[in-house]
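Below is one structure; the comments refer to it alone.
The values are calculated or read from the model by the stated rules, or taken from the named source; none is laboratory data. Please read these numbers as outputs of a predicted model, since none were measured by experiment. Glycine also receives a Cβ, built like all others from the backbone with ideal geometry; neighbour counts cover every protein chain displayed. Areas reflect the complete protein model, heavy atoms only, side chains present, ligands, DNA and RNA absent. Shrake-Rupley method; radii C 1.70, N 1.55, O 1.52, S 1.80 Å.
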Amino acid sequence: MKDILESSFIKEFCRLTTNMYRLGWDERNGGNVSYLLKEEELKDYLDLTKVIRKIPFAGVHPTSFDATPLAGKIFLVTGTGKYFKNVELDPKNNLGIVRIANNGKEAELLWGFEDGGRFTSEFPAHMMSHMARLSVDPNNRIVMHCHPTNLLAMSYCHPLDEASFSHTLWEMSTECIVVFPEGVGCLPWMLCGTDTIGEATAAKMKDFRLVLWPFHGIYGAGKDIDEAFGLIETAEKAASVYNVIGSRPILQTITEDDMAELISLFNLSPRWDFFKEEKYRSLAKKK
Ligand code: 2HA
Ligand code: ZN
């Protein structure tokens, strides 16, 4: 067997958590990431018949969600209570590779969590989000959660309806509507780590790859690490522009006609119902 620490998936995952920490998105033990691995990329590194131990989903919070749609799927996931700043220095203790058991209630540890640890307290939100994303995009592989400062700040002073929140982000930087034409889903504040917030996040994940948890953070999903990371990075950049502007009057902005030009150039399907002008909103009604 080859050394798994040399695998491209562990290396890329470590770079991801280091970058997230460096950007200030993951203070202390904040944030969590789960990455769906392919059996063929694992087979040179792990004996997939060797289960180290079984880890029930229920941790700090009771949980009763059913992960049978993911049975047999293998995830690389961050550990509960672990600090992103330490992942790259010590992947074996801070990360785990787990396979969802056939009963849909526990996971089989195949590698990692060597100090007896377990996966993130947000495992229900992650697994339910994977199920939701896979139902609309069979190529989705990554779900990541973090606490970017500017999106958090914006969640205090901007209305939290997803049409206006998304529209403001689209206005704050030209690339936003190109990167997330579907906008950003917004939840109310909810208790984290629970099935309830997991279900609410997953429901949004059917329509959005970005879901805001006000006063807490954001979830991003994608086909690969770059897509999910890039979504959060772009939304966070736009939120930082919003916060730099603050309460100064906006004298000019990206108009909906400008956005429509971008949409046409990149052949995108945006949430037309998030637009304000009737000529664009009516495009949503036609669908
Ligand atoms: O502690 O970010 O949402 C990890 C978290 C919980
Ligand atoms: Zn969090």
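What GluC sites (Glu not before Pro) in region 182-287 are in a loop by DSSP, with at most 13 other Cβ atoms within 10 Å of the Cβ?
Details: sites: Glu182, Glu199, Glu227, Glu233, Glu236, Glu256, Glu261, Glu277, Glu278; in loops: Glu182, Glu277.
For GluC sites (Glu not before Pro) across region 182-287 that sit outside H, G, I, E and B with at most 13 neighbouring Cβ atoms in 10 Å, the list reads Glu277.
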Top of Thr174, Thr255, Thr68 by mean-square fluctuation, Gaussian network on the chain, Cα under 10 Å
Thr255
Karplus couplings for region 144-151 from phi (6.51 cos²θ - 1.76 cosθ + 1.60, θ = phi - 60°), rounded to Hz, Gly and Pro as x?
9, 10, 7, 10, x, 4, 6, 5
Which of Asp273, Asp26, Asp195 is most accessible, then next, and so on - probe 1.4 Å:
Asp273, Asp195, Asp26
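Of all the accessible heavy-atom surface of the chain, with the other protein chains kept in place and a 1.4 Å probe, what percent is carbon and sulfur?
On the way: 6780 of 12880 Å².
Carbon plus sulfur share of accessible area: 53 percent.
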Starting from the amide H of Cys186, placed 1.01 Å from N in the peptide plane, find each other amide H under 5 Å away whose residue is 5 or more places distant or on another chain.
Glu162, Leu212
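What's the local net charge at Ser164, with K and R +1, D and E -1, over the other residues with C-beta under 13 Å away?
-2
If Rh is defined by the Kirkwood formula over all Cα pairs and Rg also comes from Cα, what ratio Rg/Rh do you get for region 111-154? Walk me through the numbers on the way to the answer.
Numbers: Rg = 14.0 Å, Rh = 12.8 Å.
Across region 111-154, the Cα-based Rg/Rh ratio is 1.09.
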Calc'd 3J(HN,Hα), region 126-138, phi into Karplus 6.51 cos²θ - 1.76 cosθ + 1.60 (θ = phi - 60°), Hz, glycine/Pro = x, comes to 5, 5, 5, 5, 4, 4, 5, 5, 5, 5, 10, 8, x
Accessible-area value, Met190, 1.4 Å probe, nucleic acids and ligands omitted, Å²:
40 Å²
Accessible surface of Thr18 in the full protein assembly, 1.4 angstrom probe, to the nearest 10 Å²?
40 Å²
Principal-axis tilt of helix 8-22 within the chain, Cα atoms, nearest 10 degrees
50 degrees
Per-selection Rg to Rh, region 118-193 - Cα, Kirkwood hydrodynamic radius:
0.99
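Please give the calculated 222 nm ellipticity per residue for the chain, where each DSSP H segment of at least 4 residues contributes -39500 (n - 2.57) and the sum is spread over every residue; nearest 500 deg cm²/dmol?
Values: 12 runs with 117 residues, N = 287.
After summing the helix terms and dividing by the residues of the chain, the value is -12000 deg cm²/dmol.
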For Lys223, give me every one of the lysines with a C-alpha distance below 23 angstrom, ignoring sequence neighbours fewer than eight places off in its own chain.
Lys11, Lys38, Lys43, Lys73, Lys204, Lys206, Lys237
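When the gyration tensor of the chain is built from Cα positions, what are the square roots of 5 times its three eigenvalues, in whole Å, from largest to smallest? Each step should come with its number before you reach the end.
Numbers: eigenvalues 246, 74, 62 Å².
Equivalent-ellipsoid dimensions as semi-axes: 35, 19, 18 Å.
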Note: region 15-57 at 20 °C, 1.002 mPa s; Kirkwood Rh on alpha carbon pairs; Stokes-Einstein D in µm²/s works out to 160 µm²/s
Just the projected area, averaged over all directions, of the convex hull on the alpha carbon atoms of region 167-287: how many nm²?
8.7 nm²
Simple Cβ-charge dipole of the chain, Lys/Arg +1 and Asp/Glu -1, about Cα centre, in debye nearest 20
460 debye
Which trypsin sites (Lys or Arg not before Pro) in region 1-73 pass both tests, a DSSP loop state and at most 13 other beta-carbon atoms within 10 Å?
Lys2, Arg28, Lys38, Lys43, Lys50
If I ignore ligands, DNA and RNA and count only protein heavy atoms, how much of Cys176 is accessible to a 1.4 Å probe, in Å² to the nearest 10?
0 Å²
Within region 82-155, list the GluC sites (Glu not before Pro) lying in a DSSP loop whose Cβ has at most 16 other Cβ atoms in a 10 Å radius.
Glu114
